[in-house]
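Trainee: Would you mind keeping the following structure in view while I ask a few things?
Nothing in this text is a laboratory measurement; each read-out follows from the coordinates by a stated rule. Bear in mind that the values here come from a model prediction, so they are computed numbers and not experimental data. Methodologically, a virtual Cβ is constructed for each residue, glycine included, from the backbone with ideal geometry; neighbour enumeration extends over all protein chains shown.
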Amino acid sequence: MKDYKSDFRLDDREIKRKRKQLRRKMIVQNWELYLLVLPLMLYIIVFAYFPMYGIQIAFKDFNPVDGILGSDWVGFKHFLRFFESYYFWDLIKNTIGISLYSLLAGFPIPIILALSLNEAKDGIFKRVVQTVTYAPHFISVVVMAGIIITFLTPSTGIINYFIQALGFEPISFMTEPGWFKSVYVWSGIWQSAGWGTIIYLAALAGVDPQLHEAAIMDGASRWQRIWHINIPAITPTIVILLILNMGSFLSVGFEKILLLQNALNMESSDVISTFVYRVGLVEGQYSFGTAVDIFNAVINAVLLITVNYIARKKSEASLW
């Protein structure tokens with residue numbers, strides 16, 4: 001009786017062998033592309049994967065003298081210390097507050113600006129507005145922080161000059177905790193909104209003009225064309241950028257906050273990233289700082305996976 005199973009096994013081996021040969025052939029034929037990708041792969045391996053070896057110090061009482069392997073293993077001691085600390089909820093509240101404020105206020109503005117510029121017919125006006133709005137993106141964080149502090153100074157700042165000209169008392173924006181989140185978020189919107197607009201304008205450039213021509217023939221107004229043609233066209237881009245934003249929801253960049261932070265506004269400006277910098281690098285509590293940062297990274301990863309899963313179920317756009 002013929003052994004059909006052995007024939008199937010031979011066929012599977014033959015298919016795998018041919019696939020390997022085809023893969024090798026493709027690599028040889030496209031070696032220039034693989035060579036082009038190689039520096040990026042090396043960069044990711046060296047600066048993203050190799051440092052992950054040090055993550056284990058979050059579960060140890062790290063001592064530089066003993067090294068990573070020689071330090072004592074303590075398990076989740078540093079995580080529990082962070083969860084049970086009196087400042088845990090303050091850090092979570094400030095981090096989520098700034099991130100949520102930035103998302104709700106800053107995410108729609110590039111979309112609105114892109115839709116508005118897309119409707120502008122004057123080429124010169126459109127180019128001038130684009131240049132003026134995305135130029136702040138090229139200002140470094142240090143210079144931006146200096147500009148903010150200078151503009152908001154109670155005695156000589158231009159903002160307080162206009163406030164006093166209107167008959168009001170000057171406001172100490174940088175020392176009153178209640179103002180910090182608004183200063184941080186709206187200065188960030190000013191700096192990044194124009195640059196984000198370019199992405200949506202690129203998506204709008206792919207809209208078929210015949211759709212608008214047909215809609216005009218059917219008597220559709222400009223608002224109806226925006227709502228039923230332009231917005232659906234950029235919806236996949238909106239979903240992808242929303243997923244990416246949620247993936248870094250708790251990773252509020254500490255550079256700008258650190259530059260704007262002072263002892264008087266610490267109540268509302270101290271977030272997880274600045275706390276990690278302070279305890280991990282300034283105070284030398286490497287294990288504790290690493291544990292806090294891992295907690296932050298895990299939450300971001302969970303948010304990224306969750307939002308991507310929801311987006312994949314509700315729409316056709318997702319990261320994976």
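Trainee: Near the amide H of F62, under 5 Å away, which other amide H atoms are found, from residues 5 or more places off or on another chain, if H is placed in the peptide plane?
Mentor: HN-HN under 5 Å from F62: S287.
Trainee: Top mean-square fluctuation among Y200, Y101, Y87, Gaussian network model of the chain, C-alpha springs under 10 Å?
Mentor: Y87
Trainee: Seen from all sides and averaged, what is the projected area of the convex hull of the Cα atoms in the stretch 1-132, in nm²?
Mentor: For the Cα atoms of the stretch 1-132, the hull's average projected area reads 21.5 nm².
Trainee: Counting other Cβ atoms within 10 Å of each Cβ, which GluC sites (Glu not before Pro) in the stretch 262-320 have at most 10 and sit in a DSSP loop?
Mentor: Those satisfying the criteria are E316.
Trainee: Over the Cα atoms of the chain, Rg to Rh with Kirkwood Rh, two decimal places?
Mentor: Rounded to two decimals, Rg over Rh is 1.08.
Trainee: Between the stretch 92-130 and the stretch 136-166, what is the C-alpha centre distance in whole Å?
Mentor: 21 Å
Trainee: On to the next question. In the stretch 57-86, what chymotrypsin sites (Phe, Trp or Tyr not before Pro) fall in a loop by DSSP, with at most 13 other Cβ atoms inside 10 Å?
Mentor: F76, Y86
Trainee: Let me have the relative contact order for the stretch 77-314, percent, based on Cα pairs under 8 Å that are six or more residues apart.
Mentor: With pairs under 8 Å counted, the relative contact order is 28 percent.
Trainee: A follow-up question, please. Please list the helices of the chain that count as membrane-span-like by this rule: a mean Kyte-Doolittle hydropathy of at least 0.5 together with Cα atoms stretching 30 Å or more along the helix axis, each helix being a complete DSSP H run.
Mentor: Membrane-span-like by this criterion, though nothing is claimed about a membrane: 177-204, 286-314.
Trainee: Can you tell which of A165, A48, A220 shows the greatest fluctuation in a Gaussian network model of the chain with Cα springs below 10 Å?
Mentor: Among A165, A48, A220, the largest GNM mean-square fluctuation belongs to A48.
Trainee: Using only Cα atoms, what is the ratio of the radius of gyration of the stretch 99-236 to 2.2 N^0.38 Å?
Mentor: That ratio works out to 1.34.
Trainee: Right, here's the next one. Can you compute the helix-only [θ] at 222 nm over the chain? Use -39500 (n - 2.57) per DSSP H run of at least 4 residues, normalise by all residues, nearest 500 deg cm²/dmol.
Mentor: When only DSSP H runs of four or more count, the value is -21500 deg cm²/dmol.
Trainee: Moving on to the next point. Under 25 °C and 0.890 mPa s, how fast does the stretch 262-320 diffuse according to Stokes-Einstein, given a Kirkwood radius computed over C-alpha pairs? Answer in µm²/s, whole number.
Mentor: 180 µm²/s
Trainee: Got the relative contact order for the stretch 1-143 handy, in percent, Cα pairs under 8 Å and 6 or more residues apart?
Mentor: For the stretch 1-143, the relative contact order is 9 percent.
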